[in-house]
Amino acid sequence: MTEDGAQRAVEAAAALGLAHTVTRHGPVRSLEEAAAARGVEPRAVVKTLVVRVTDDDYRFVLVPGDREIAWPKLRALVGVNRLSMPSAETALEVTGYVRGTITPLGSSRAWPVVADASMRGPVSIGGGAHGVALTVDADELVRVLDATVADVTDPIGS
């Protein structure tokens, strides 16, 4: 299933006309290891988090590696008082990807995408399988995904 996820993500990027480079690497245990394996700075490793708005409404949130979701900012953007992270089972059900491999590229549902405003330049986003990533231009990614760009994160630990 994991390789199918990678194939879906790569094919989706190509279908969208998104210029990308695929990187495959072994297991990593930290953001720093992932960045080194992908040849980018830690801030350029973009995590895709799936967030539940309601039982049948989700968002993909693109978060630079050196940042974390600022829940009050994200709630204000979405216009709700409560957001949550779905269970691993629900995340798989609504995206077609297991946690740690989730990407809006090739997802089983095209949920709206929110990209943090600090995302710039070349970034490395998950490629639908463990150890697979796509390096893309942040602005192009935002464009092809029709993402909403907003300040929805804070530096980790702030």
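Here, each number is a calculation from the coordinates, and none is a lab measurement. Note that the coordinates shown come from a computational prediction; the quantities given were computed from them, not determined experimentally. Cβ atoms come from the backbone with ideal geometry, glycine included; neighbour counts cover every protein chain shown.
Using the Cβ-Cβ distance between SER108 and ALA14 with R0 set to 25 Å, the FRET efficiency from 1/(1 + (r/R0)^6) comes to roughly 0.90. Each Cα pair under 8 Å and six or more residues apart adds its separation to the average, and for the chain the resulting relative contact order is 32 percent.
Multiplying the residue separation of ASP56 and ARG120 by 0.36 nm and subtracting their alpha-carbon distance yields 20.0 nm. Remark on the chain: Rg and Dmax equal 14.3, 40 Å (Cα only). Net charge of the neighbourhood of PRO122, taken over other residues with C-beta under 12 Å away and scored Lys/Arg +1, Asp/Glu -1, is -1. What is the Cα centroid distance between region 1-27 and region 108-158, reported in whole angstrom? If we compute the Cα centre of each part, the gap is 14 Å.
Dipole size of region 2-155 about its Cα centre, with +1 on Lys/Arg Cβ and -1 on Asp/Glu Cβ: approximately 160 debye, rounded to the nearest 20.
Packing-based ranking of 85-97, 20-32 yields 85-97, 20-32, ordered from highest to lowest mean Cβ neighbour count within 10 Å.
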